[in-house]
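This report refers to the structure that appears directly beneath it.
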Amino acid sequence: MRLAVVRHAESVENADKYNGFYQDPRPWAGAAAHALSRDVIGLTARGFRQTAWLKETLPDVVGEQPAVFASQYRRARDTAELALPAFQAEVTGLLNEQHYGDATYMTMRELFDTFPDGADDRRHRKHLWTPPGEGGESLAVEVHSRVTAFLTLLSSGAVEAGRNVVAFTHHTAILGLRAVLEQRPVTEVVEESRARKLPNAAVLLYQAAAGGYQLQQVIEPPA
C-alpha cells in the first residue's frame, strides 16, 4: 500500500497571512477566529492551479482507485475535491490542522501580553506549547496522538488491503505524521521544517513496509 500525504494547495491565508488575518489587536474572539480558519479560508488562484497539477500527478503515484481522506478544514476539502474529483473524500478531524484555541490569529505581541504564562514554551519549545482555551492542541501530544490514530485506522481494516491512500492535510499535522511514519523525534522534524517548510500542494509518498512506512519520494509542484 502506498500513502500519499498532501499538503493542501495555497490558501488566501498562506498568501496574505500578515496583511489580513494577523491584525493587532485581533478583531475576532478565539472561537470566531478558529471558525474562520476552519470553515471560510479557501484557495487562491495559485492554489487552484496547484490542484490542477495534483489532478495530473496523483494518479501516477497512487493509481486510479485510491481511498481519499481530508481534514475538516475547507482548504483541505477543496484541494481534495478539485484534485481527485471522481472520489468522495472521507472527512476526518484526525487530519485537522493544529487547533490554536484562544490564540488563533493572535500576533506574538498580543499572545504574550494576553497569555504570559505560556510565553516561554511558545518561544523556545513550540512543539510542547499548548495553546490557551478550549480545544488548544500541542504538536507533540494532541496532534501527534491524532495522526497516530489516523495511521492506526488505515491498518485496522478501514481501507481495503492493498488499496492506496491519499490524505489531504496541513503543515503541522504533516510534522506529526512525519514523526510517526519515519519514526523520528518531533523535534528533529520541526527543525527541518524551520530550515525549509514543505510547500503547498507538495506530496510525500510512502510505501508500507514491514513494521511501518518508508518515504519514497517528495514531489513538489512547479514554482
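The values are calculated or read from the model by the stated rules, or taken from the named source; none is laboratory data. Worth saying up front: this structure is predicted, and the values here are computed from it rather than measured. In this analysis, Cβ positions are derived from the backbone assuming ideal geometry, glycine residues included, and neighbour counts consider all displayed protein chains. Keep in mind that these areas ignore ligands, DNA and RNA; they rest on the heavy atoms of the full protein, side chains included. Shrake-Rupley method; radii C 1.70, N 1.55, O 1.52, S 1.80 Å.
Sketch the reach of a paramagnetic label on A15 as a point 7 Å from Cα along Cα-to-Cβ, and name the residues of the stretch 184-202 whose backbone nitrogen lies under 16 Å away. Of the residues in the stretch 184-202, 200-201 have backbone N under 16 Å from the label point off A15. Could you pull out the longest piece of the chain with no exposed loop trypsin sites (Lys or Arg not before Pro) in it, calling a site exposed if DSSP puts it outside H, G, I, E, B and it has at most 15 other Cβ atoms within 10 Å? Here the longest run is 1-124. Per DSSP helix of 4 or more residues, -39500 (n - 2.57); summed, then divided by the residues of the chain. What does that give at 222 nm, rounded to the nearest 500? Taken over the chain, the calculation gives -10500 deg cm²/dmol. Ligands, DNA and RNA are left out, and with a 1.4 angstrom probe the accessible area of the chain is 47 Å² per residue. Excluding residues fewer than 8 places away in the same chain, name every one of the lysines whose C-alpha is closer than 20 Å to that of K17. Within reach: K126, K197.
Counting Lys and Arg as +1 and Asp and Glu as -1 over every other residue whose Cβ lies under 9 Å from the Cβ of G136, the net charge comes to -4. Overall form of the stretch 102-198: prolate. Here a/c, set by the Cα gyration tensor axes a ≥ b ≥ c, is 1.5 or more, and a/b is the larger of a/b and b/c. The H on the amide N of T92, modeled in the peptide plane, is under 5 Å from the matching H of A70, S71, Q72, each at least 5 residues off or on a different chain. For the stretch 1-128, rounded, prolate or oblate, judged on the Cα gyration tensor with a ≥ b ≥ c (square roots of eigenvalues), a/c < 1.5 rounded, else prolate if a/b > b/c? Since a/c reaches 1.5 and a/b is larger than b/c, the shape of the stretch 1-128 is classed as prolate. Computed 3J(HN,Hα) for the stretch 96-107, one whole-Hz value per residue from the Karplus formula 6.51 cos²θ - 1.76 cosθ + 1.60 where θ = phi - 60°, is 5, 5, 4, 8, 8, x, 5, 8, 4, 6, 7, 5, glycine and proline marked x. Shown here for the stretch 68-158: GluC sites (Glu not before Pro) in loop regions (DSSP other than H, G, I, E, B) with at most 11 other Cβ atoms within 10 Å, namely E134. Neighbours of K126 by Cβ distance under 15 Å: Lys/Arg scored +1, Asp/Glu scored -1, total -3. Under 5 Å from the amide H of F115 lies no amide H of any residue 5 or more positions distant or on a separate chain, with H modelled from the backbone and absent for Pro and chain starts. For the stretch 28-38, backbone phi angles converted through the Karplus equation (6.51, -1.76, 1.60; θ = phi - 60°) give residue-by-residue couplings of 10, 6, x, 5, 5, 5, 5, 4, 4, 5, 7 Hz, Gly and Pro being listed as x.
Report the local net charge at R184: Lys and Arg +1, Asp and Glu -1, summed over other residues whose C-beta lies under 11 Å from its C-beta. Net local charge, R184 excluded: -3. Comparing G211, G133, G157 in a Gaussian network model of the chain where C-alpha atoms under 10 Å apart are linked, the largest mean-square fluctuation is found at G211.
For the chain, the share of accessible area belonging to carbon and sulfur comes to 49 percent (1.4 Å probe, ligands and nucleic acids excluded). Across the chain, the relative contact order, built from alpha-carbon pairs under 8 Å that are at least six residues apart, equals 31 percent. For the stretch 126-141, 3J(HN,Hα) computed residue by residue from phi via the Karplus equation (6.51, -1.76, 1.60; θ = phi - 60°) reads 4, 5, 9, 5, 9, x, x, x, 5, x, x, 10, 8, 5, 6, 10 Hz, glycine and proline entered as x.
Annotation for the stretch 15-48 versus the stretch 200-218: alpha-carbon center distance of 30 Å.
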